[in-house]
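Everything below concerns the one structure shown next.
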There are 2 protein chains.
Amino acid sequence: MGSARVIFDRWDGRYAARMAGVRSSAVRDLFAAASRPDVISLSGGMPDVRRVPHEAVTRATRDAMRHDGPSALQYGGSEGRYALRETIVGLMGESGVRLGPDDIIVTAGAQQGLDLLARVFLDPGDVVIAEGPTYVGALQAFSVYQPDIHCIPMDEDGMRVDLLEEELRRLGPKGAKFIYTIPNFQNPAGVTLVPERRRRLLELAREYDIPVVEDDPYGRLRYEGGHILPLRALDPDVIYLGTFSKILAPGLRLGWMSAPKPILARVLLAKQAADLCGSAFSQSVAEHYMTGTGWRRVLADLTATYGARRDAMLAALGEFFPDDVTWTHPEGGFFVWVTLPAHLDTKALLAEAVEHGVTFVPGSDFFPDGRGANCMRLAFCYESPEQITEGVRRLAEVCEDKLELYRAFVAAGAVPAAARVEEGVLR
Amino acid sequence: MGSARVIFDRWDGRYAARMAGVRSSAVRDLFAAASRPDVISLSGGMPDVRRVPHEAVTRATRDAMRHDGPSALQYGGSEGRYALRETIVGLMGESGVRLGPDDIIVTAGAQQGLDLLARVFLDPGDVVIAEGPTYVGALQAFSVYQPDIHCIPMDEDGMRVDLLEEELRRLGPKGAKFIYTIPNFQNPAGVTLVPERRRRLLELAREYDIPVVEDDPYGRLRYEGGHILPLRALDPDVIYLGTFSKILAPGLRLGWMSAPKPILARVLLAKQAADLCGSAFSQSVAEHYMTGTGWRRVLADLTATYGARRDAMLAALGEFFPDDVTWTHPEGGFFVWVTLPAHLDTKALLAEAVEHGVTFVPGSDFFPDGRGANCMRLAFCYESPEQITEGVRRLAEVCEDKLELYRAFVAAGAVPAAARVEEGVLR
């Protein structure tokens, strides 16, 4: 098993129609390849949990057992433990969002939040608006409920709200079930939605009466520039998804959703059906881990570490890649989006790259419709600056052959007329 | 929030059609009431985690951090940690089922297994066959995918396979997406499917080409009689759901599914969409908790404890309830199913019972169609024998008024002709 290839079998034709559209994630399938010790992983967005002190987790567990006793081992309320929701209120407050524990549901990572929202809102054929490219896990979660996902291009300032407006005009009022956005250090593009566009996006959402889903896993991982207020801080009707995966560790599978209470009540029902309740154990451990200030030192260390790795990646891209390749400049988060000339297909490069000891994620994985074929996502979160530099060097080497061929084509005037140059694929 | 009441709101009409059929669980809503210290809870099926040694959990966490290091804090494979799947192979072997780690996916409790199976198999209107009454969490999980649930009555020997055969004949080959059964100490009925009926059920499933889903949370909690082989031991095509909630603790939210590989591959895709992967942290802690033999002593203690509580409940029912009330005799598990005369409605008794300091779950919660109104589920897993005796005494007191009225009706020949006497509601 391991990889999620589908085997044809005697139950064929018995599965639900929704399963036809559910894709495996290339990102997840790559985890296996990336674990070879000689391979430099620029693929998975894995936080560097090697920097989370193990004793702190053991101590938090001991405290959880001592103070919360049996309740940390028992079933709990589907909305999550009150004390952890209070912790989340504090975190949100630091980001500029005021809410109370009753405005929050604890989820199994932000991924479960995406699944529950899709479950609550989406009938087959419903329209969802997202950035293009967008988070592959969101595409997976939504696809189960068979929506039609419309992607809005981005540039270095985030989602092109002018193009969003055009799309909304085409669809009309309530023409989409929600607008899904990752405003900070977008996954995979690495770009950040600027404040004036945040305001405009919210105006448009109100005008066309469409809920906004703000996914903010990386908000606290900023390496330059000042904090930008979340959409939720500007409009209490915004549905907000947060996660402990980047503050503490993904292995606890803890995230949260805040939403207007009527929506939250339905999400709660959906969560009961999905898993009864979250892990009281993980929640109690997280509660105690987040007590005191130790976690802030760990997070500051992580942020400094990721920042240095980003710098290494940007420097290496500048050093090893030629002028006909472009990339984004993330102010935080985990990812850089690299765009090769339009005729190149990064999926075709991947096997060769793995052979050369480096992995990335092909751009087309981040679109519902195969766009982004000439792009790739590079993650700088996990490897050391030296490894990142070497990884980018290897990758440039793999690309160079194809790029030379491409340049020869261009020089010969042989570039096909139907060049797949897509606006907003961040070229 | 807390309770999952749905609030009407400005997003009405925007939710997915599937949400109309998703019910809140009275069982979960009762957790709140049951937490009042003066109330004796005979409602929730909560394992007695007070008997799980906290030091063992802290020690397991320390070992997890020491031996598994960062991997216990990281994202993991969607199928679950290999070492934990090896532990599960061992557990299944002890129950008489031979399989390998690759036949298993770790889930967030067995509840997620139910959700994933429904997600993979059910289109709206598809038929699912279940016992009636059946597990309320299964009704919840399935209802999201809008199936038509057909309930097969039970008697003291479990599902009436003669009535199953009639139903299958009506539906025809492949006429249902799956047959869902809890063969051991059924929730809520407390009855066990006898060996000859297990074989017959499997014959019928093969004849009509319908997958069987065996939900076995209580298999190891037997207080009398010998072990009966799981359906999965008799037929490798059976889909089996297990859980650590009753062996270790529900707070870790760990269960598992074994299924034929083609089905498992699709369940894996569905799981990726739902939450990317389970908690590596919980899994690693469980791995280390299950190392050595300490957990066997804890489980033996729990089994002895639950057995004594069952005895107390059966004795109290015999002492305090009159002849026109009947109940089942569970050989294991957590629940006794009590049937009052047909005209009584236990839902109407519940508020009064809570006032008298005792809770139960009304029988109609365990049917998709309001049947079972004269029944109730009593749980003996959580309270002490003394509390159970007192709880049953209080409950009998609450029922006695209604029963007297009922007897007067009968004596006067005034029982309505349309008596709601249902075959197989275990009267």
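Observations, loosely collected:
Yes/no per residue for (1) in contact with a Pro (Cβ under 8 Å, 6 or more places away or on another chain); (2) outside the structural domain of B:Asp162 (by TED's automatic domain parsing); (3) closer than 23 Å to B:Ser143 by Cβ; (4) aromatic (Phe, Trp, Tyr):
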residue: B:Tyr180; (1), (2), (3), (4): no, no, yes, yes
residue: B:Leu204; (1), (2), (3), (4): no, no, no, no
residue: B:Pro211; (1), (2), (3), (4): no, no, yes, no
residue: B:Asp216; (1), (2), (3), (4): yes, no, yes, no
residue: B:Leu221; (1), (2), (3), (4): no, no, no, no
residue: B:Leu248; (1), (2), (3), (4): no, no, no, no
residue: B:Leu268; (1), (2), (3), (4): no, no, no, no
residue: B:Ser279; (1), (2), (3), (4): no, no, no, no
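- Condition met for B:Asp123 (surrounded by fewer than 24 Cβ atoms within 10 Å (Cβ to Cβ) and either part of a strand (DSSP E or B) or modelled with pLDDT of 95 or more (or both)): yes
- Check on B:Pro37, assigned by TED's automatic domain parsing to the domain that holds B:Leu350 and modelled with pLDDT of 95 or more: no
- Residue that is farthest from A:Tyr135 (Cα to Cα) [pool: residues in region A:14-33 that are at pLDDT below 60 and charged (D, E, K, R)]: A:Asp29
Per-residue answers, yes or no, for (1) crowded, with 17+ Cβ neighbours inside 10 Å; (2) assigned by TED's automatic domain parsing to the domain that holds A:Met159; (3) assigned to a helix (DSSP H, G or I):
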{"site": "A:Gln283", "(1), (2), (3)": "yes, yes, yes"}
{"site": "A:Asp301", "(1), (2), (3)": "no, no, yes"}
{"site": "A:Glu319", "(1), (2), (3)": "no, no, yes"}
{"site": "A:Pro322", "(1), (2), (3)": "no, no, no"}
{"site": "A:His329", "(1), (2), (3)": "no, no, no"}
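- Test result for A:Val89, over 30 Å from B:Leu269 (Cβ atoms) and modelled with pLDDT of 95 or more: yes
- Of all the listed residues (B:Ala280, B:Ala273, B:Ala286), the sole one being without any contact (Cβ under 8 Å) to a residue 12 or more places away in the chain and within 30 Å of B:Arg119 (Cβ to Cβ) is B:Ala273.
- Residue match in region B:133-150 (condition: away from chain A (no Cβ under 12 Å), surrounded by 24 or more Cβ atoms within 10 Å (Cβ to Cβ) and either assigned to a strand (DSSP E or B) or modelled with pLDDT of 95 or more (or both)): yes
- Residue selected from region A:180-206 under the condition part of a helix (DSSP H, G or I) and in contact with a helix residue (DSSP H, G or I) (Cβ under 8 Å, 6 or more places away or on another chain), by the criterion farthest from A:Pro330 (Cα to Cα): A:Leu204
- The conditions of being outside the structural domain of A:Val136 (by TED's automatic domain parsing) and crowded, with 18+ Cβ neighbours inside 10 Å are met by A:Gly45.
- Of all residues in region A:244-263 being assigned to a helix (DSSP H, G or I) and under 22 Å from the mean Cα position of the chain (by Cα), the one that is nearest to B:Ser71 (Cα to Cα): A:Gly251
- Applying the condition of being under 19 Å from the mean Cα position of the chain (by Cα) and in contact (Cβ under 8 Å) with a residue 60 or more places away in the chain to region A:157-179 and asking which residue is nearest to A:Pro133 (Cα to Cα) yields A:Arg160.
- Test: residue in region B:205-225 that is among the acidic types (Asp, Glu), surrounded by fewer than 24 Cβ atoms within 10 Å (Cβ to Cβ) and within 14 Å of another protein chain (Cβ to nearest Cβ): yes
- Residues of region A:65-115 satisfying the condition of being within 12 Å of chain B (Cβ to nearest Cβ), part of a loop (DSSP other than H, G, I, E, B) and over 22 Å from the mean Cα position of the chain (by Cα): A:Leu73, A:Gln74, A:Tyr75, A:Gly76, A:Gly77, A:Ser78, A:Glu79, A:Gly80, A:Arg81, A:Gly100
- Output for region A:245-261, where each listed residue is within 16 Å of A:Glu214 (Cα to Cα) and either among the charged types (D, E, K, R) or within 11 Å of chain B (Cβ to nearest Cβ) (or both): A:Gly255, A:Ala259, A:Pro260
- In the set (1) at pLDDT below 85; (2) surrounded by fewer than 22 Cβ atoms within 10 Å (Cβ to Cβ); (3) within 7 Å of another protein chain (Cβ to nearest Cβ); (4) assigned to a helix (DSSP H, G or I), A:Thr58 fails one condition alone, (1).
- Residues of region B:151-179 that are in contact with an Asp or Glu (Cβ under 7 Å, 6 or more places away or on another chain) and either assigned to a strand (DSSP E or B) or under 17 Å from B:Glu203 (Cβ atoms) (or both): B:Cys151, B:Ile152, B:Pro153, B:Met154, B:Met159, B:Pro173, B:Lys174.
The values are calculated or read from the model by the stated rules, or taken from the named source; none is laboratory data. Given the structure is predicted, the values throughout are model-derived calculations rather than measurements. Cβ: placed from backbone, ideal geometry, glycine included. Neighbour counts: every protein chain shown.
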